1. For the stretch 16-35: of the residues being touching a residue at least 12 places away in the same chain (Cβ under 8 Å) and acidic (Asp, Glu), which is nearest to Trp107 (Cα to Cα)?
2. Select from the stretch 55-91 the residues that are of a type in the set (A, V, I, L, M) and under 19 Å from Asp5 (Cα atoms) and write down the one among them that is modelled with the lowest pLDDT.
3. Conditions first: (1) in contact with a Ser or Thr (Cβ under 8 Å, 6 or more places away or on another chain); (2) in a loop (DSSP other than H, G, I, E, B); (3) at pLDDT 85 or above. Ile21 passes all but one, so which condition is the exception?
4. Quick check on the stretch 35-43. Is at least one of its residues part of a loop (DSSP other than H, G, I, E, B), crowded, with 17+ Cβ neighbours inside 10 Å and either on the phi < 0 side of the Ramachandran plot or among the aromatic types (Phe, Trp, Tyr) (or both)?
5. Look through the stretch 1-23, keep the residues that are among the acidic types (Asp, Glu) and touching a Gly at 6+ places or on another chain (Cβ under 8 Å), and return whichever of them is surrounded by the fewest Cβ atoms within 10 Å (Cβ to Cβ).
Amino acid sequence: MNSEDLLIISAWKEAESEFGITVQTPALVQDSDGKLYEYLALIVGFGSKNGTLICSNNVCPSGNSKEDNYNLAILSGDFYGSFNKAYFAETLIDWAWYGPEGEGPDWME
């Protein structure tokens, strides 16, 4: 993990606080063969049933996230290395809420 990866994690933790979402970091995912993969973060409830796994160009495991019902986002520190409220809100809206009905963030309604 390098400094760009740490900036991406920090920006998503700020998004967690700002938007009232859940960001797990690091995110550990076990595939159907029992192999464990580490991602920078998991954005819970967005992008797919199990959420969106975040990786960067520097750190992106080769696990099969689609098979395990995850959305996978490979993010650049140029855009996600610092928190921009409008940009991150647009990203979350694009990914859409897949969590339990009625439990999505109020600001998305």
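The values are calculated or read from the model by the stated rules, or taken from the named source; none is laboratory data. If you're wondering where the values come from, they're calculated on a predicted model, not measured in any experiment. Virtual Cβ from ideal backbone geometry, glycine too; neighbours counted across all protein chains shown.
1. Filtering first and then ranking leaves Glu18.
2. Val59
3. For Ile21, the exception is condition (1).
4. Yes; the residues of the stretch 35-43 include at least one that is part of a loop (DSSP other than H, G, I, E, B), crowded, with 17+ Cβ neighbours inside 10 Å and either on the phi < 0 side of the Ramachandran plot or among the aromatic types (Phe, Trp, Tyr) (or both).
5. Taking the stretch 1-23 as the starting set, the residues that turn out to be among the acidic types (Asp, Glu) are 4-5, 14, 16, 18.
When the remaining residues are screened for being touching a Gly at 6+ places or on another chain (Cβ under 8 Å), the result is 4-5.
On the way: Glu4: 18, Asp5: 20.
Going through the qualifying residues, I end up with Glu4.
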